[in-house]
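No value in this document is a laboratory result; all are computed from the given coordinates. These figures come from a predicted structure and were not determined experimentally. For neighbour counting, all protein chains shown are included, and Cβ atoms are generated from backbone atoms with ideal geometry for every residue, glycine included.
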Amino acid sequence: MAERDGTEKRGRLSRPLVLAAAVALVDREGLAALTMRRLAAELGVESMALYRYTPGKEALLDGLIESYFTEVNARLRTNADNGPHESTRHRPEWRLELSRIARSFAAAAHAHPEILPLVATRPLTVPLARRPAPVLELTEHILAVLGRAGFDDATALAVYRTFVAWNLGCLLVDKRQVVDNPDEPEPVLRLGLHRLPAADYPRLRALAPRFTEFDDDAEMLAGLDSLLDGMPQPPLDAFYGGDAS
């Protein structure tokens, strides 16, 4: 009976199901909790049953990246949060699309904060052509947006690198990282400021509470606009066949 139950459970497994369970586990308990044995227990199967869908821990980490970018691309395809942010409403269409991509990426980061550091570093450890398909899909989309806007190749790559670096930087320096104890209602204790000697860190003590007060989306998009304003602009707004008239 036990052997039959195990066979039935393995028969219900799929790669998307395995990766979804891995994402849920990491969201709940962090990357340190993710092992093949623990994931198998979450799915109610033996560890060996997982190797049909992911050959080991390293591949499982790549699967987390795959799942994250799959979610970002799905948000873009379904027009999630598609309306322009107030701060970008009057920008040309290619700028609006970059803002939409940034907001979709940020939404995935806020949903999966434990995966974000992996997203920022792991793709860089493998050659471009070996990165998960959803990563390449988003990269291709961004470069296509810039190409349709009229940028030459060199400038498009410069804008792409600036765009990616700014978005990842903002998300990695998110306000969640300054909270020492999220369950503590007293601000000083919640931020752990009692751990910082006032004589040694007067400015940090004074400014730390403001880290928790900013509007994530507004600050990210305002900074992105400032960066893009300072870069070379396309000769005309060719986005989706537009013209300069």
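Full extension of the chain segment joining L128 with E140 gains 3.1 nm, where the gain is 0.36 nm per residue of separation less the Cα-Cα distance. Taking label positions 7 Å along the Cα-Cβ direction at both E213 and D229, the computed distance is 2.3 nm, reported to one decimal. Applying 1/(1 + (r/R0)^6) with r as the Cβ-Cβ distance of R161 and A199 and R0 = 41 angstrom yields a FRET efficiency of 0.50.
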